[in-house]
Amino acid sequence: MSIFKPKGSPFYHYDFQLERRRFYGSTKRRNRREAEAVERGERERAKELLKVATGGVETLTIDVAAGRYWTEVGMYHADSAGTWRNLERLISYFGKDKRLANIRDDDVAQLVAWRRGHRVRARRGGPLVSPATVNRSVTQPLQKLFTRARRSWGMRFDREPDWRAHRLSEPQEHVRELHGDEATRIDAAMRPDYEAFFDYARASGSRLRECLLRWSEVNWAAGQIRKTGKGGRLVTVPITPTIRAILWPLRGHHDEWVFTYVAERTRDGRVKGRRYPITYNGVKTQWRRLRARAKVEGFRFHDFRHDLATRLLRETGNLKLVQRALNHADIKTTVRYAHVQTDEVKAALEAAQKSRNKSRNRKRKAG
């Protein structure tokens, strides 16, 4: 194992904070004192890695484990920023010198309880974070550090936490369709410069992050859009005539990004009237405002995906086709949409009952 810190590695604690500024695009210039601090951090980091290489699991701190995980796996995740925040959260909670081998079930239980007390939009007094958020932001990232240490770094833990005991139960995912005139109300309340983005989301069934397209991901000749999606998997969307009609007029708006918006005012480095790339957080804000204007309740952005899936299944009755259209890795995920086939099930049951009644009548006449 190399004892040198790969480019982009964040963790040995002072280094972690410095790299955090780099990662989020800080424009502050390092002075001589900062440069010297980085050099000291590099030396300390090398010492830590050497200890791990020679001392095994007893010397593996959460700080070092998180650093290795980031450089080997985390920085390549589709949501690498989210991975970074989760690792940073674990280090902040346990402290950089906490040894992975010393994390027991009681430590994980307290970590989960601590995270459950956090609120969405804490400054505004939002609701408590969901069980799914707790699982994905602390329990699963910590488990992944242990798994990576066992499978890739040759570590052995005498008392690894029982992860199943700490995983909070999550309610079955809500499947919601647009009803009545909800689609019409959404269209009427839509900002014109966001219309193409939402049209693409509805036509493709892509997840929000997968809708943030670069032109390099659009292959007109092959008739496909290829983008890294959830779990680092390659997601392929066919360029249907509908999708082509959405994307083709957007050429020339921006050199790199497909979907852009027009700045409504001059501020934060943006100039009124100019186009800028649509961002993840920008979509979330616009979607919240759009739902309020359209007076559509209980419908999330992700439900555009559900809406398309249910319509596809009603049209074709083919679960395998829906799985391919939504790029599901496992058809078990697609089965959640089987409820839309209740009419077909009802008709089949009725046909079976009629067949049984005919059989009974024949027997009675024969008797």
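The values are calculated or read from the model by the stated rules, or taken from the named source; none is laboratory data. Note that this is a predicted model, so its numbers are computed, not measured. Don't worry about glycine lacking a Cβ; one is built from the backbone with ideal geometry, like all the others, and counts go over all protein chains shown.
ARG185 fulfils the conditions (1) more than 22 Å from GLN286 (Cα to Cα); (2) in a helix (DSSP H, G or I); (3) of a type in the set (D, E, K, R) except for a single criterion, (1). The single condition from (1) among the small types (Gly, Ala, Ser); (2) within 28 Å of GLY82 (Cα to Cα); (3) in a loop (DSSP other than H, G, I, E, B) that ALA203 fails is (3). Residue pairs whose Cβ atoms lie under 9 Å apart, separated by 6 or more positions or on different chains, with the first residue in region 215-235 and over 20 Å from PHE197 (Cα atoms) and the second of a type in the set (Phe, Trp, Tyr) and in a helix (DSSP H, G or I), are GLY232/TYR76. ARG191 passes every criterion in (1) modelled with pLDDT under 95; (2) assigned by TED's automatic domain parsing to the domain that holds ILE278; (3) surrounded by 17 or more Cβ atoms within 10 Å (Cβ to Cβ) apart from (3).
Applying the criterion of at least 3 residues that are loosely packed, with under 15 Cβ neighbours inside 10 Å and not assigned by TED's automatic domain parsing to the domain that holds ALA294 to the helices (runs of 4 or more DSSP H) found wholly in region 66-182 leaves 80-94, 105-116, 140-151. If you go through region 96-133 and keep only what is modelled with pLDDT under 95 and of a type in the set (A, V, I, L, M), you end up with LEU100, ALA101, VAL120, ALA122, LEU128, VAL129, ALA132.
Residues checked against (1) assigned to a helix (DSSP H, G or I); (2) in contact with a Ser or Thr (Cβ under 6 Å, 6 or more places away or on another chain); (3) modelled with pLDDT of 90 or more; (4) closer than 30 Å to ARG191 by Cβ:
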residue: ASP255; (1), (2), (3), (4): no, no, yes, yes
residue: GLN286; (1), (2), (3), (4): yes, no, yes, yes
residue: PHE301; (1), (2), (3), (4): no, no, no, yes
residue: GLU344; (1), (2), (3), (4): yes, no, no, no
residue: LYS363; (1), (2), (3), (4): yes, no, no, no
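When the residues of region 230-245 are filtered to those that are of a type in the set (Lys, Arg) and assigned to a helix (DSSP H, G or I), the one that is nearest to GLY82 (Cα to Cα) is LYS230.
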